[in-house]
1. Could you tell me which of the residues A:LEU136, A:LEU81 is out of contact with any strand residue (DSSP E or B) (no Cβ under 7 Å at 6 or more places or on another chain), under 30 Å from B:LEU139 (Cα atoms) and either away from chain B (no Cβ under 14 Å) or not aromatic (Phe, Trp, Tyr) (or both)?
2. Can B:GLU18 be described as open to solvent by 10 Å² or more (accessible area, probe 1.4 Å) and over 27 Å from B:PHE180 (Cα atoms)?
3. Which residue, of A:LEU163, A:LEU169, is within 19 Å of A:PHE59 (Cβ to Cβ) and either in a helix (DSSP H, G or I) or at pLDDT 95 or above (or both)?
4. Please state which one of B:LEU161, B:LEU147 is outside any helix (DSSP H, G or I), modelled with pLDDT under 85 and surrounded by 14 or more Cβ atoms within 10 Å (Cβ to Cβ).
5. Looking at B:ILE47, is it surrounded by 19 or more Cβ atoms within 10 Å (Cβ to Cβ), touching a helix residue (DSSP H, G or I) at 6+ places or on another chain (Cβ under 7 Å) and hydrophobic (A, V, I, L, M, F, W, C)?
6. Every residue in the stretch B:53-101 that is within 14 Å of chain A (Cβ to nearest Cβ), at positive phi and open to solvent by 70 Å² or more (accessible area, probe 1.4 Å), please.
7. Sort through B:ARG138, B:ARG166 and tell me the only one that's crowded, with 21+ Cβ neighbours inside 10 Å, of a type in the set (Lys, Arg), at pLDDT below 90 and assigned to a helix (DSSP H, G or I).
8. I'd like to know if the stretch A:72-92 contains one or more residues that are in contact with a helix residue (DSSP H, G or I) (Cβ under 7 Å, 6 or more places away or on another chain), β-branched (Val, Ile, Thr) and outside any helix (DSSP H, G or I).
Amino acid sequence: MEWTPIWLSLKLAAITTLILLVIGIPLAYWLSRRSSLFKVVIEAILTMPLVLPPSVLGFYLLLCFSPHSILGSWLLQHFNLSLVFSFEGLVVASVIYSLPFMVSPVKSALAHLSPSLAEASYTMGKSKLETFYRVLLPNVKTSLWTAAVLTFAHTMGEFGVVLMIGGKLEGVTKVASIAIYDAVDNNQYDKANQYAFVLFAITFVIVVLVFIFNRNASRGPLE
Amino acid sequence: MIEIAIRKKIKTYKGNRELQVDTVFPDQSVTKIYGPSGAGKTTFLKILAGLVVPEQGFITAEGEVWLDTANKINKPPQQRRVGFVFQDYALFPNMTVTEHLQFATKDHQLINRLLYIGRMENFSSQRPAHLSGGQQQRLAILRALALKPSLLLLDEAFSALDDELRENLITDLKILLTEFETTTLVVSHHAQETIGFADHSLKIDLE
């Protein structure tokens, strides 16, 4: 069995999860504070990837990233970067596609913390940043782990978006889920079965981990 | 001395009402705050702590201006040195008893003394989830005291303590408050709770 597609999927999922931890946590914090119409609209936009067919998202990203678009030509001119049919493009698309999986659970956990926790910390002379890292974040640790693991699993299983903007370039954009489709398309059912089994095993372990993290919580990890 | 004159709109089921307080708290006094439910007692404490900003207001503490809406002065809560005991205790689930006190002060001697006064030495490495209601409430009080606050705000802070424990705690509390030169406001629904503690009282009601 060719391991490159599995390795590509793991690499894509790991990089996407890391990037989303960095941008998702501050975003979740911002959204968890007092809501306004502006925030509601932003949150709705961020949640769109959850409900949109991946091919729709992939199609619009393809248009955005294309070298003929404003963004695409600007990236190509200034950074010599093309986001279509490239691994970098897959990372950007995955970050957008998996964003709600990171932001939503963390935002909800932060919003459920009593406001008096942060208030008590402020009266003790602690800044907003210190309060966030020492009081708020440690108390949403379970949700944070769950969000990270679900983001990873979701990215591992990505298909429609990847196919639209990445195609199936061997060793570049042909991730495991694409490799399965490609194998079936070429009547190589044995090969498809091997990839499918490895993906099944990896995702199963991930879901078991999520349930282990949450075994003491009153709510299920997906609630 | 703490001087305060504030007006703050409060939404109630009867429509918009106004919280209006204009008073002076003498240095090191203990004032009992009372009034009907929903009259804005907690909001009043939060305004003093800088956690809520009123539409109009002026607050000075020992000659220092904390709030002056006319001149756009508003000291953040971080700079007011106000000890606040919240009604829901606001304990940090991730921290042990000792860590709560260390979050407020670096003075180890003070921490040990507070643990002794609150009868908490044996629970110092426990997290809030493993403490009883009374122990949680004591921890919230000790944490506020660890700041050596110039102003201490107690929101229903004795409700979970039995009579004996409360009386003992109040005796020790008075010694500390004198030592720290702290002015204290205590919100309470039960007259019994503040006997022998409060020397002034203030009724709060909406206009």
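1. A:LEU136
2. Yes.
3. A:LEU163
4. Exactly one residue qualifies, and that residue is B:LEU161.
5. no
6. Across the stretch B:53-101, the qualifying residue is only B:ARG81.
7. Answer to the check: B:ARG166.
8. Within the stretch A:72-92 (the criterion being in contact with a helix residue (DSSP H, G or I) (Cβ under 7 Å, 6 or more places away or on another chain), β-branched (Val, Ile, Thr) and outside any helix (DSSP H, G or I)), the answer is yes, since at least one residue qualifies.
The values are calculated or read from the model by the stated rules, or taken from the named source; none is laboratory data. Small disclaimer: the values here were computed from a predicted structure and weren't measured. Neighbour counts run over all protein chains shown; Cβ positions are idealised from the backbone, glycine included. Only protein heavy atoms, including side chains, enter the accessible area calculation; ligands, DNA and RNA are left aside. Shrake-Rupley method; radii C 1.70, N 1.55, O 1.52, S 1.80 Å.
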